[in-house]
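Taking it in order: structure first as structure tokens, then the write-up.
The values are calculated or read from the model by the stated rules, or taken from the named source; none is laboratory data. Since the model is a prediction, treat every value here as computed from it, not as a measurement. As a convention, Cβ positions derive from the backbone with ideal geometry for all residues, glycine included, and neighbour counts pool all protein chains shown.
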Amino acid sequence: MSNDETNSVTASWSVGQLARATGLSVRVLRHWEEMGVVAPDRTAGGQRRYGPAQVTRLYRAVALRRAGFGLGQIAALLAERDPDPAATLRTHLAQLEEDLRRRGELRDRLAAALRAYDGNHDSTDGGTAAALMKVIETMTMFEQYVHGYQAQENLRLHDQASTLVDLLHDGTCYPDGSRVLEAGCGVGAQTVTLGSRSPGAQLTSIDKSAASLDEARARVRAAGITNVTFREVDVFSLPRSDGELGAGTFDHVFVCFLLEHLDRPAEALVRLRAMLRPGGTITVIEGDHGSAYFHPDSEAARDAIGCQVTLQRHAGGDAMIGRRLYPLLAAAGYRDVAVSPRVVYADGGNPALADGFIRKTFTAMIEGVREPAVAGGLIEPARFDEGIRDLYRTAEDDGVFCYTFFKGVAVAPAHAER
Ligand SMILES: C[S@@+](CC[C@H](N)C(=O)[O-])C[C@H]1O[C@@H](n2cnc3c(N)ncnc32)[C@H](O)[C@@H]1O
């Protein structure tokens with residue numbers, strides 16, 4: 001970027017110029033702005049302008065991001081409002097060490113697989129080498145959580161939440177003074193809505209990913225919400241023997257897009273039931289990829305969606321769990337189970353929904369599995385790309401897309417009934 005690209009006496013750059021210079025997309029820069037990392041000035045016409053101070057700040061933010069810091073941590077460090085920078089650095093170091101430990105584990109597993117394979121095959125054979133590549137890629141693929149914890153996925157979760165807020169949260173509002181447990185809060189996409197729609201309730205939002213919790217904390221702070229406490233907890237470790245996460249301590253439990261990732265969703269629901277006082281409620285929201293249909297129809301698009309379903313199954317989850325909510329809740333010992341389908345219907349008459357749901361939510365999610373789907377041999381790259389093109393095609397003026405989420409509400413029985 002050079003100064004002659006600027007258009008005023010005081011040097012300033014547009015968001016597009018910055019995106020080109022940094023390699024970050026305009027959407028990511030806007031997300032960073034929302035997260036309080038770098039806030040541009042605005043022209044009289046409302047356009048974003050970045051001056052020298054903001055560019056310097058962005059430079060430092062990019063460097064911190066490359067070093068692996070979360071956006072929340074970066075915002076706090078840059079604003080010098082991190083109460084304990086040394087503690088932040090220690091946490092970061094611990095995260096890096098955990099990352100290295102996981103990579104070491106993966107390296108050992110791959111080496112063991114290769115040794116076993118070498119014992120049986122001639123490694124100079126090109127076919128064998130290709131098969132070995134597949135072993136490596138497949139192991140890597142299964143190692144990853146199917147949606148990943150990357151910035152792009154975090155952004156997608158926020159896009160998804162803001163597009164679907166009314167559809168999914170309609171009917172969910174918790175009374176003042178009630179205690180609510182949100183399980184699998186991720187980057188806080190639903191937490192913001194829960195916290196703001198039920199300002200008098202006290203939320204405890206848990207997730208097993210420390211990095212996602214960092215993002216969630218920053219997000220909630222930026223939204224000015226103060227009734228949420230975050231905890232790094234695995235749902236399968238609940239209930240705790242006592243304390244704030246002991247049995248029977250909550251009036252309500254809220255779960256969104258968590259069960260689809262679990263290999264034991266039934267057990268998770270039983271454990272969450274134990275967290276509720278008798279008469280407390282659970283609300284569960286899940287999607288079902290089998291419910292997606294669209295115009296123009298496309299076999300390639302269905303194949304690409306099928307890759308996501310298969311990968312999620314290999315990772316132990318179920319991308320079509322929405323249809324199982326009723327039987328799962330009933331079998332987990334809840335009473336008064338009521339499940340309602342929440343249909344997203346997007347056509348050319350509602351371009352904002354077509355953009356928010358078809359492009360930024362659904363297709364972005366399917367697009368995100370390209371690498372593992374191809375690496376795992378589930379689909380040819382060209383076929384996958386054709387499917388993605390066809391999905392984007394359904395967001396055009398004459399396209400139509402339909403998808404069903406399922407929202408279940410149920411009640412924890414009295415102890416005597418359990
Ligand atoms: C798809 S995200 C959904 C996040 C959020 N509820 C939303 O609707 O945007 C699923 C989240 O569940 C978390 N998760 C997966 N398994 C978990 C477990 N056993 N205990 C706690 N959290 C878990 C993941 O870390 C991830 O953040």
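Taking the conditions (1) at pLDDT below 95; (2) surrounded by fewer than 16 Cβ atoms within 10 Å (Cβ to Cβ) in turn, Y293 satisfies each one other than (1). In region 168-184, the residue that is modelled with the lowest pLDDT out of those that are on the phi > 0 side of the Ramachandran plot and more than 13 Å from the ligand (Cβ to nearest atom) is G171. Residues in region 229-238 that are within 11 Å of the ligand (Cβ to nearest atom) and outside any loop (DSSP other than H, G, I, E, B): R231, E232, V235, F236, S237.
Restricting attention to region 213-228, the residues being in a helix (DSSP H, G or I), surrounded by fewer than 23 Cβ atoms within 10 Å (Cβ to Cβ) and either at pLDDT 90 or above or under 13 Å from the mean Cα position of the chain (by Cα) (or both) number 1. Of G399, G333, all but one fail to be at positive phi and surrounded by 15 or more Cβ atoms within 10 Å (Cβ to Cβ); the exception is G333. Does region 202-212 hold any residues that are away from the ligand (no atom under 12 Å from the Cβ) and either within 19 Å of the chain's Cα centre (by Cα) or among the polar types (S, T, N, Q) (or both), and which are they? Selection gives Q202, T204. Close contacts from region 227-253, counting a first residue that is hydroxyl-bearing (S, T, Y) and a second that is modelled with pLDDT of 95 or more and within 15 Å of the ligand (Cβ to nearest atom), with Cβ to Cβ under 6 Å and a gap of 6+ residues or different chains, come to T229/T204.
Scanning region 190-201 for residues that are surrounded by 20 or more Cβ atoms within 10 Å (Cβ to Cβ) and within 15 Å of the ligand (Cβ to nearest atom) returns Q190, T191, V192, T193, L194, G195. When the test is whether a residue is touching a strand residue (DSSP E or B) at 6+ places or on another chain (Cβ under 7 Å) and surrounded by 15 or more Cβ atoms within 10 Å (Cβ to Cβ), I305 does not pass it. Here V187 fulfils each of the conditions (1) away from the ligand (no atom under 11 Å from the Cβ); (2) assigned to a loop (DSSP other than H, G, I, E, B); (3) not small (G, A, S) apart from (1). Taken over region 219-228, residues that are among the hydrophobic types (A, V, I, L, M, F, W, C) and away from the ligand (no atom under 15 Å from the Cβ) amount to 2. Residues of region 239-262 that are outside any strand (DSSP E or B), hydrophobic (A, V, I, L, M, F, W, C) and within 22 Å of the chain's Cα centre (by Cα): F257, L258, L259, L262. Count of region 283-298 residues, restricted to those that are touching a helix residue (DSSP H, G or I) at 6+ places or on another chain (Cβ under 7 Å) and within 14 Å of the ligand (Cβ to nearest atom), is 5.
So is R393 in contact with a Pro (Cβ under 9 Å, 6 or more places away or on another chain), surrounded by fewer than 18 Cβ atoms within 10 Å (Cβ to Cβ) and either in the same structural domain as D251 (by TED's automatic domain parsing) or over 15 Å from S291 (Cα atoms) (or both) or not? It is true that R393 is in contact with a Pro (Cβ under 9 Å, 6 or more places away or on another chain), surrounded by fewer than 18 Cβ atoms within 10 Å (Cβ to Cβ) and either in the same structural domain as D251 (by TED's automatic domain parsing) or over 15 Å from S291 (Cα atoms) (or both).
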